[in-house]
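This report concerns only the one structure given below.
The values are calculated or read from the model by the stated rules, or taken from the named source; none is laboratory data. Computed from a predicted model, the values in this text were never measured in an experiment. All Cβ positions, even for glycine, are placed from backbone atoms using ideal geometry, and neighbour counts span all protein chains on display.
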Amino acid sequence: MEGRRSIPTWLAEAPAEEVLAWADAEFGARAAIASSFGVEDVVLIDLASRHAPRAGVFTLDTGRLPPETYEVMEEVRRRYGIAIETFVPERAAVEQLEREKGFFSFRRSVEERKECCAIRKLEPLSRALSGKSAWITGLRREQSITRAEVEPAEIDEAHGGIVKLNPLARWTEAEVWRYARAQELPLNALHARGYPSIGCAPCTRAVAPGEDVRAGRWWWEQPEHKECGLHVRGGR
């Protein structure tokens, strides 16, 4: 990652297409899209194919993703003709965790869940961002209380001052789905089964009508705890 940068103030109100075009002009291939291949991320990849075509795409393969996620990854790879850079956890760390604490330690407490996330997501993310000047995500303010203050463009203090772009920050769920259907995008089959937010298989369930879109993520925890540490604001 490069040194600290500043971002133009106009990006705060810019539409997604302009945020991506700025990223392409400013960073080119030194920007990368972080994708877990939910509907927002596929929308983002589609937009970037036109407005930030030099940005790469990477994913964190935790080893516990549902098969439906791999299916949509392959569909996206073929449709856009892109190489999806995959980062997996360090083998020794996963082996030690499972040997010492079993296969569901993350359900015992927030601390133990975050330990699992650190091994399976945070360490691979640090490798994914190495050498990058900016990363691009599908975060939206409407997704949860932990994301209500997400800006379209931020300085990511938690990752060394790298630029973090969230072009869909102000989009509503309806707008995301309207775009996805209009463009006939490849979509994770779990969305049609009541999964608006999709993570690792043991940590994700379908939600009931009227529930928050991230209610199915780590459903045994309180809403204010429902982040894995990938998206930390203000260096916290």
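Could you check the range 197-217 and list, in sequence order, the residues that are under 15 Å from SER36 (Cα atoms) and surrounded by fewer than 21 Cβ atoms within 10 Å (Cβ to Cβ)?
Residue satisfying the conditions is ALA201 alone.
Would you mind stating whether ARG147 is in contact with a helix residue (DSSP H, G or I) (Cβ under 7 Å, 6 or more places away or on another chain), among the basic types (Lys, Arg) and modelled with pLDDT under 90?
Criteria met by ARG147.
Kindly indicate whether ARG64 is within 19 Å of ARG127 (Cβ to Cβ), among the charged types (D, E, K, R) and touching a Pro at 6+ places or on another chain (Cβ under 7 Å).
In short, yes.
For the structure I just gave you, tell me whether PHE27 is closer than 30 Å to CYS116 by Cα and aromatic (Phe, Trp, Tyr).
Here the answer is no, as PHE27 does not meet what is asked.
Name the strands (runs of 3 or more DSSP E) wholly within the range 131-193 that hold at least 2 residues that are under 14 Å from the mean Cα position of the chain (by Cα)?
In the range 131-193, 134-136, 162-165 are the strands (runs of 3 or more DSSP E) which contain 2 or more residues that are under 14 Å from the mean Cα position of the chain (by Cα).
Conditions (1) under 26 Å from ALA14 (Cβ atoms); (2) surrounded by 20 or more Cβ atoms within 10 Å (Cβ to Cβ), marked per residue:
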position	(1), (2)
ARG108	no, no
LEU139	yes, yes
ARG178	yes, no
ALA192	no, no
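Sort through ASP61, ASP46 and tell me the only one that's surrounded by 15 or more Cβ atoms within 10 Å (Cβ to Cβ), over 14 Å from PRO186 (Cα atoms), of a type in the set (D, E, K, R) and touching a residue at least 24 places away in the same chain (Cβ under 8 Å).
The unique qualifying residue is ASP61.
Tell me, please, whether a residue that is in contact with a Phe, Trp or Tyr (Cβ under 9 Å, 6 or more places away or on another chain), touching a residue at least 24 places away in the same chain (Cβ under 8 Å) and in a helix (DSSP H, G or I) can be found in the range 98-107.
Yes, that holds for at least one residue.
Mind telling me which of the residues VAL110, VAL94 ends up being in contact with a His (Cβ under 7 Å, 6 or more places away or on another chain), more than 30 Å from ALA174 (Cβ to Cβ) and not acidic (Asp, Glu)?
VAL110
With respect to VAL207, determine if the residue is of a type in the set (A, V, I, L, M) and in a loop (DSSP other than H, G, I, E, B).
yes
Hey, can you tell me all the residues within the range 166-193 that are in contact (Cβ under 8 Å) with a residue 24 or more places away in the chain and either basic (Lys, Arg) or more than 18 Å from MET73 (Cβ to Cβ) (or both)?
Hits for the range 166-193 are ASN166, PRO167, LEU168, ALA169, ARG170, TRP171, THR172, GLU173, VAL176, TRP177, TYR179.
More than 17 Å from the chain's Cα centre (by Cα) and at pLDDT 95 or above: is that true of ALA48 in this structure?
Against the criterion (more than 17 Å from the chain's Cα centre (by Cα) and at pLDDT 95 or above), ALA48 does not qualify.
Among (1) free of Cβ contacts under 8 Å to residues at least 40 places away in the same chain; (2) crowded, with 17+ Cβ neighbours inside 10 Å, where does LEU11 come up short?
Condition not satisfied by LEU11: (1).
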